[in-house]
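Visitor: Here it is, the structure in full.
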Amino acid sequence: MDPVELAGSLIAIFVLAFIASRLFPTRPILSNKRVLRNVARFCPDLADNLEQADIFIGNKGAAAVLFFPDENNGFALVTAFGDRVVVRHLTNADDLAVKSASNGLVLSTHDYTQPEIRLALDTHQASALAERLSSSNQSRRTPAHA
Amino acid sequence: MLDLPAPTQLAVPAFILLVLAEMVYGWKTGRARFEGKDTMTSLIMGLGSTISGALTATFSIGLAYWVWSNYALFDLGAAWWVFVLAFVLDDLAYYWIHRMGHRMRWMWAAHVIHHSSQHYNLSTALRQTWTGQFTPGILFKMPIFLLGIEPAIVLFCAGINLIYQFWIHTEAIDKMPRWFEYIFNTPSHHRVHHANNPRYLDANYAGVFMAWDRMFGSFIPENTSEPCRYGLVTDLGTFNPLRVATHEWLGIIKDVWSARRWRDRALYLLAPPGWTPDGSRMTSDMIRNAWRAREAANASKAAD
């Protein structure tokens with residue numbers, strides 16, 4: 001492929017992606033209903049009584065944590081991914097690092113395609129969620145940088 | 001060596017225009033859906049696939065020609081019927097390459113890229129692998145070269161086959177006429193193939209002719225009562241093309257490295273995606289069996 005072809009291809013790609021973003025605007029907003037629906041789909045064997053789950057949704061609606069009613073089942077990390085949703089199910093033994101940030105929490109896993117999830121939370125909510133994660137998981141917590 | 005055009009390269013401008021047309025159609029009618037970053041990733045994967053293919057084509061074409069020139073049983077020439085025969089045989093080879101692309105983790109590591117979008121539109125058709133050359137897919141075409149069909153003819157037919165498959169990557173077309181649905185691959189059949197609903201996993205591997213799926217027991221029709229959801233069993237959480245291209249290879253490397261037995265190392269490559277020695281992850285078969293068990297239990301509860 002010569003440089004002109006390559007440049008032309010890249011321009012066409014950016015133009016098409018720009019048009020797609022304009023014609024199909026998305027605002028990643030998670031709701032309790034959307035979180036429940038996607039977790040039930042991803043974890044069908046844990047879907048019983050899911051409406052009793054505790055759900056923490058970040059202020060921007062971009063990410064959420066769902067604690068299964070049975071504590072032994074761990075929790076689910078739910079993120080808005082464009083106009084779709086990505087779910088990860090973590091058990092109590094899975095590695096999770098919880099870092100406090102100025103505007104919430106940063107959850108880090110060994111997931112190569114989603115190593116970090118940011119939850120925008122106020123101080124009180126962030127603290128409550130971090131405590132809950134620590135008690136239900138072998139997570140490591142680090143404070144926000146000064 | 002026959003000098004034939006490269007159909008997919010010639011079709012690129014049409015691909016771009018049709019993606020745009022589908023976008024506008026979807027915007028107006030709601031019958032197609034796009035997302036900006038997803039579209040960008042799909043198209044970059046397509047561009048990268050073209051570049052990586054060009055960089056490594058010499059090896060696979062060289063191998064094909066070496067087999068054909070040294071071991072071909074017949075010299076079939078380049079008459080029109082040879083092209084027809086090559087197209088059909090290449091489509092059969094494609095079916096098996098594609099089936100193994102889902103049933104063998106080594107080949108899945110390259111093919112997974114194409115299934116990694118949660119959308120299903122014409123840009124998804126262009127979301128192609130950067131690493132297909134690191135899998136043994138070319139071996140499935142060796143019988144065609146041994147029969148005596150020149151690799152250039154097979155390559156040309158393979159290009160036509162890929163062009164055919166472009167238009168079936170859409171939700172904008174519901175069903176084609178019954179006779180067409182019976183013979184050819186269609187948007188409906190291929191939606192099932194891309195779906196991650198347990199009912200639809202690992203089905204409809206055809207390129208052009210659905211006969212192969214019917215013959216080899218991998219055909220599942222689209223069920224309107226269960227709309228297709230697209231993507232992987234565990235969807236990616238990134239739009240980064242480098243991570244999209246390499247994630248499964250990295251997973252294989254980690255698993256093979258940590259395996260305790262050589263048998264397990266081999267099975268991490270050769271067994272279906274999701275296989276583990278301790279059954280801690282789920283293959284498509286396990287997911288489908290679990291779904292069937294749930295459906296049976298629900299039906300039994302409803303009957304009581």
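The values are calculated or read from the model by the stated rules, or taken from the named source; none is laboratory data. Computed from a predicted model, the values in this text were never measured in an experiment. Methodologically, a virtual Cβ is constructed for each residue, glycine included, from the backbone with ideal geometry; neighbour enumeration extends over all protein chains shown. Protein only, heavy atoms only, side chains kept; ligands, DNA and RNA dropped before computing areas. Shrake-Rupley method; radii C 1.70, N 1.55, O 1.52, S 1.80 Å.
Visitor: Each label point is 7 Å from the Cα along the Cα-to-Cβ direction; what then is the distance between the points at B:W96 and A:L6, in nm?
Guide: 3.8 nm
Visitor: Run the dipole for the range A:72-125 about the Cα centre, Lys and Arg Cβ at +1, Asp and Glu Cβ at -1, nothing else charged, and hand back the magnitude in debye, nearest 20. Provide the component values of the computation, followed by the final result.
Guide: Values: 4 positive and 6 negative charges, 12 e Å.
Value, rounded to 20: 60 debye.
Visitor: Chain B: percent of C-alpha pairs farther apart than 38 Å?
Guide: Percentage above 38 Å: 15.
Visitor: Report the trypsin sites (Lys or Arg not before Pro) located in the range B:1-74 that are in a DSSP loop and have at most 14 other Cβ atoms inside 10 Å of their Cβ, or state none.
Guide: Here the sparse-neighbourhood loop sites are B:R31.
Visitor: Quote to one decimal, in nm, the extra length available between B:Y65 and B:R261 on full extension: 0.36 nm per residue of separation minus the C-alpha distance between them. Don't skip to the answer; put the middle values down first.
Guide: Values: separation 196, 0.36 × 196 = 70.56 nm, distance 3.80 nm.
The B:Y65-B:R261 span can extend by a further 66.8 nm.
Visitor: Fully extended, how many nm does the chain gain between B:D3 and B:R31 (0.36 nm per residue separation, minus their Cα-Cα distance)? Can you show the working numbers first?
Guide: Values: separation 28, 0.36 × 28 = 10.08 nm, distance 4.11 nm.
That pair, B:D3 and B:R31, stretches by 6.0 nm at full extension.
Visitor: Per residue of A:5-18, how many C-beta atoms from partner chains lie within 10 Å of its own C-beta, taken as a mean? If you can, show how the numbers build up before the last one.
Guide: Values: counts 4, 3, 0, 3, 8, 3, 0, 9, 11, 3, 2, 11, 12, 3.
Rounded to a whole number, the mean comes out at 5.
Visitor: For a quick check: with amide H placed at 1.01 Å from N, whose amide H comes under 5 Å from A:A101's, ignoring anything fewer than 5 positions away on the same chain?
Guide: For A:A101, whose amide H was placed from the backbone, the distant partners under 5 Å are A:V106.
Visitor: Between B:T56 and B:L147, what is the label-to-label distance in nm when each label sits 7 Å out along the Cα-to-Cβ direction?
Guide: 2.6 nm
Visitor: Moving to a separate point now. Cα gyration tensor of the range B:216-301, axes a ≥ b ≥ c as square roots of the eigenvalues: rounded (a/c below 1.5), prolate (a/b > b/c) or oblate? Mind showing how you got there, number by number?
Guide: Values: a/c = 2.33, a/b = 1.47, b/c = 1.59.
Oblate, since a/c reaches 1.5 and b/c is not below a/b.
Visitor: While we're looking at this one, here's another question. Report, as an integer, the average count of C-beta atoms from other chains found within 10 Å of each Cβ along B:228-238.
Guide: Values: counts 0, 2, 1, 3, 1, 1, 8, 9, 6, 14, 7.
Partner-chain Cβ atoms within 10 Å, mean over residues of B:228-238: 5.
Visitor: I would also like to ask the following. If you wrap a convex hull around the C-alpha atoms of the range B:44-176 and split its volume per residue, what is the figure in Å³? Present the calculation step by step, with values, prior to reporting the outcome.
Guide: Working: hull volume 15.2 nm³, N = 133.
It comes to 114 Å³ per residue, whole-number rounded.
Visitor: I'd like the carbon and sulfur percentage of the solvent accessible area for the protein assembly as shown, probe radius 1.4 Å, heavy atoms only, ligands and nucleic acids excluded. Before the final figure, lay out each step's value.
Guide: Details: 14030 of 22580 Å².
After summing per-atom areas, the C and S share lands at 62 percent.
Visitor: A further question follows. For the range A:74-115, restrict the atom set to alpha-carbon positions and state the Rg and Dmax in Å.
Guide: Values for the range A:74-115 (Cα only, Rg and Dmax): 11.1, 31 Å.
Visitor: Hey, with R₀ at 35 Å, roughly what FRET efficiency would B:V88 and B:A21 work out to, going by the Cβ-Cβ distance, to 0.05?
Guide: Numbers: r = 31 Å, r/R0 = 0.88.
My answer for the efficiency is 0.70.
Visitor: A further question on this structure: Which lysines does A:K99 reach when only Cα atoms under 22 Å apart count, and residues fewer than 8 places away in its own chain are ignored?
Guide: Here the lysines satisfying the reach criterion relative to A:K99 are A:K60.
Visitor: What dipole magnitude, in Debye to the nearest 20, does chain B give about its Cα centre under +1 on Lys/Arg Cβ and -1 on Asp/Glu Cβ? Working shown, then result.
Guide: On the way: 26 positive and 23 negative charges, 167 e Å.
My answer is approximately 800 debye.
Visitor: Whose amide H sits under 5 Å from the amide H of A:F81, counting only residues 5 or more places off or on another chain, with H placed in the peptide plane?
Guide: Long-range HN contacts for A:F81: A:V86.
Visitor: I've got another one for you. Which helices, taking whole DSSP H runs in chain B, have alpha carbons extending 27 angstrom or more along the helix axis plus mean Kyte-Doolittle at least 0.5? Spell out each step's value before the answer.
Guide: Working: long enough: B:7-29 (31 Å, 1.06); B:36-71 (49 Å, 0.56); B:80-103 (35 Å, 0.48); B:284-303 (28 Å, -0.74).
Helices passing the filter in chain B: B:7-29, B:36-71.
Visitor: How long is the gain from B:A299 to B:M215 if the chain were fully straight, where each residue apart is worth 0.36 nm and the alpha carbon distance is subtracted?
Guide: Working: separation 84, 0.36 × 84 = 30.24 nm, distance 3.09 nm.
The span from B:A299 to B:M215 would gain 27.2 nm if fully extended.
Visitor: Can you show me the helix-derived [θ] at 222 nm for chain A, built from DSSP H runs with n ≥ 4 at -39,500 (n - 2.57) apiece and divided by the number of residues, rounded to the nearest 500.
Guide: Working: 3 runs with 46 residues, N = 146.
Estimated from H runs of four or more residues: -10500 deg cm²/dmol.
Visitor: Go through the range A:58-86 and flag every residue whose accessible area shrinks by 50 Å² or more with all protein chains in place compared to the isolated chain (probe 1.4 Å).
Guide: Buried on complex formation: A:F81, A:D83, A:R84.
Visitor: Roughly how many Å² is the accessible area per residue of the protein assembly as shown, as a whole number, for a 1.4 Å probe? It would help to have the intermediate numbers written out before the result.
Guide: Working: 22580 Å² over 450 residues.
Heavy-atom accessible area per residue stands at 50 Å².
Visitor: Continuing with this model, one more query. Chains B and A: buried accessible surface, both sides, probe 1.4 Å, rounded to 100 Å²? The partial results should precede the final answer.
Guide: On the way: alone 16290 and 9470 Å², together 22580 Å².
Approximately 3200 Å² gets buried when B meets A.
Visitor: Translational D (Stokes-Einstein, µm²/s) of the range A:30-146 at 10 °C and 1.306 mPa s when Rh comes from the Kirkwood sum over C-alpha pairs? Display every interim value, and only then the final one.
Guide: On the way: Rh = 14.1 Å.
Answer from the Stokes-Einstein relation: 113 µm²/s.
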